[in-house]
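Here's the structure, in structure tokens; my notes come after.
The values are calculated or read from the model by the stated rules, or taken from the named source; none is laboratory data. Note that the structure is a prediction, hence the values are computed from the model and not measured. Neighbour counts are summed over all protein chains in view; Cβ atoms, including those assigned to glycine, are modelled from backbone coordinates with ideal geometry. Side chains included, ligands, DNA and RNA excluded: accessible areas come from the protein's heavy atoms. Shrake-Rupley method; radii C 1.70, N 1.55, O 1.52, S 1.80 Å.
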Amino acid sequence: GDEFVILAPELESPEEVMPLAERVHAAFRDPINVAAHDLYVTPSIGIALYPKDGTRADTLMRNADTAMYRAKASGRNAICSFSPEMKAAAEQYFQIESSLRRGIERNELVLHFQPIVDSSDGSLRVLEALVRWRHPTLGLLLPAEFVGVAEECGLIGRIGEWVMREACCKLAQYENRKESGPNLTMNVNISGRQLTPALIQQVREVLRETAVTPTNLRLEITESVILADTDFTASLLEELRGLGVGVHIDDFGTGYSSLSYLHQFSVDALKIDKSFVGTAGDSKENLEIVRAIVALAKILDMEVIAEGVE
């Protein structure tokens with residue numbers, strides 16, 4: 001694998017361990033040349049100290065491993081020392097993971113639908129599908145409490161596919177009702193872990209199975225995810241648009257918010273992050289940011305959606 005252990009019994013004080021970890025980091029700063037390619041390696045280092053963090057080898061190893069995963073979660077290429085709080089967090093993580101696996105099998109996930117209305121006349125224009133988890137003992141859990149775990153342990157693909165299919169089934173019901181009108185659309189959030197070529201096939205199959213009008217399905221992707229790999233993402237978004245599906249940039253304003261990338265991607269709407277909308281009445285600066293985003297969307301012929309209006 002790619003995990004290694006350094007045992008340093010010669011250190012005389014805990015203060016000496018950080019310089020050792022920093023020397024390891026320094027050793028990886030230069031690229032490694034393989035087959036005429038420069039490869040950059042970014043080590044994530046977890047530290048456990050004897051006897052504070054354990055008196056047995058297996059305990060020290062487990063706690064160092066826990067600290068290493070915290071270093072990875074903080075953005076990788078980091079150094080992190082073990083703390084008792086990490087142990088509690090790790091135990092909670094594994095409890096959520098195991099419960100979530102069972103919850104998916106037991107159909108404990110449900111969808112709630114957030115209405116998005118036209119500000120000019122108050123008419124219902126869009127429904128946003130929001131996943132919730134009806135945990136048997138903890139009650140109704142919001143995405144912030146389990147989606148991160150789902151992404152880390154590889155369950156987000158199954159959850160994302162289920163959300164899209166369920167949302168499109170609901171949309172198909174509305175499309176068959178005359179009173180709903182012809183323009184009701186469904187927004188579905190897409191995790192960065194779902195942005196793979198498999199997403200195209202998944203969307204194609206769901207549209208075929210549910211007979212939903214492709215232009216009535218919009219996928220929401222956060223700004224930071226879009227910018228992670230611009231060339232790959234641009235190609236993927238172009239394929240989604242080719243299916244007739246709309247693409248929205250979620251949490252706009254929290255990333256680079258660059259004109260250059262907006263021109264690069266095929267996007268239908270900008271969704272202003274609620275951190276700006278919610279304080280626009282109290283902060284002149286945030287109000288001007290909201291105005292600027294609305295003006296930008298108009299210039300680029302995009303729709304604009306405001307989060308946090310409640």
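Could you sort 234-241, 118-125, 160-167 so that the peptide with the highest average Cβ count within 10 Å comes first and the rest follow in order?
On the way: 234-241: 16.6, 118-125: 10.8, 160-167: 19.9.
For the peptides 234-241, 118-125, 160-167, the packing ranking is 160-167, 234-241, 118-125.
Which length gain, in nm to one decimal place, applies between T215 and R165 when the Cα-Cα distance is subtracted from 0.36 nm times their residue separation?
Contour length minus the Cα-Cα distance gives 16.4 nm.
Which listed residue (L195, M18, T230) has the Cα farthest towards the positive end of the charge dipole for the chain, taking +1 on Lys and Arg C-beta and -1 on Asp and Glu C-beta about the Cα centre?
The one lying farthest along the dipole's positive direction is L195.
With +1 on each Lys and Arg Cβ and -1 on each Asp and Glu Cβ, and nothing else charged, work out how big the dipole of segment 97-164 is about its Cα centre, in Debye to the nearest 20.
Approximately 280 debye in magnitude.
So if I place +1 on the C-beta of Lys and Arg and -1 on the C-beta of Asp and Glu, and nothing else carries charge, what would the dipole magnitude of segment 109-208 be about its Cα centre? I want it in debye, nearest 20. Spell out each step's value before the answer.
Details: 11 positive and 11 negative charges, 59 e Å.
It comes to approximately 280 debye.
Where a Cα-Cα gap under 23 Å defines reach, which lysines qualify for K72, not counting those fewer than 8 residues away within the same chain?
Partners within reach: K52, K87.
Output the antiparallel fraction of DSSP beta bridges having both residues in the chain, as a percent to the nearest 5.
Rounded to the nearest five, the antiparallel share is 40 percent.
Tell me the label-point distance for the pair S98, L287, using the 7 Å Cα-to-Cβ offset, in nm and rounded to one decimal.
5.4 nm
On a C-alpha basis, how far is the centre of segment 169-239 from the centre of segment 42-97 in Å? Whole number, if you could?
Segment 169-239 and segment 42-97 have Cα centres spaced 38 Å from each other.
Would you work out the charge dipole size for segment 15-68 about its Cα centre, treating the Cβ of every Lys and Arg as +1 and the Cβ of every Asp and Glu as -1, and quote it to the nearest 20 debye?
Details: 5 positive and 8 negative charges, 27 e Å.
Rounded to the nearest 20 debye, it is 120 debye.
If you take mean projected area of the Cα convex hull in nm² from the coordinates, which of (i) 15.2; (ii) 17.4; (iii) 21.6 do you get?
Entry (iii).
So what is the relative contact order of the chain, in percent, for Cα pairs below 8 Å that sit 6 or more residues apart?
8 percent.
Taking every DSSP beta bridge with both residues inside segment 94-235, roughly what % is antiparallel (nearest 5)?
DSSP beta bridges in segment 94-235 are roughly 60 percent antiparallel.
On the principal axes of its Cα set, how long, how wide and how thick is segment 1-150? Give whole Å, largest value first.
Per principal axis, max minus min of the Cα coordinates gives 70, 45, 29 Å.
When the helix-only estimate is applied to the chain (DSSP H runs of n ≥ 4, each -39,500 (n - 2.57), divided by the residue count), what is the mean residue ellipticity at 222 nm, nearest 500 deg cm²/dmol?
Taking each H run of at least 4 residues, the total per residue is -13500 deg cm²/dmol.
Where the accessible area of the chain is counted over protein heavy atoms with a 1.4 Å probe, how much of it, in %, is carbon and sulfur?
53 percent
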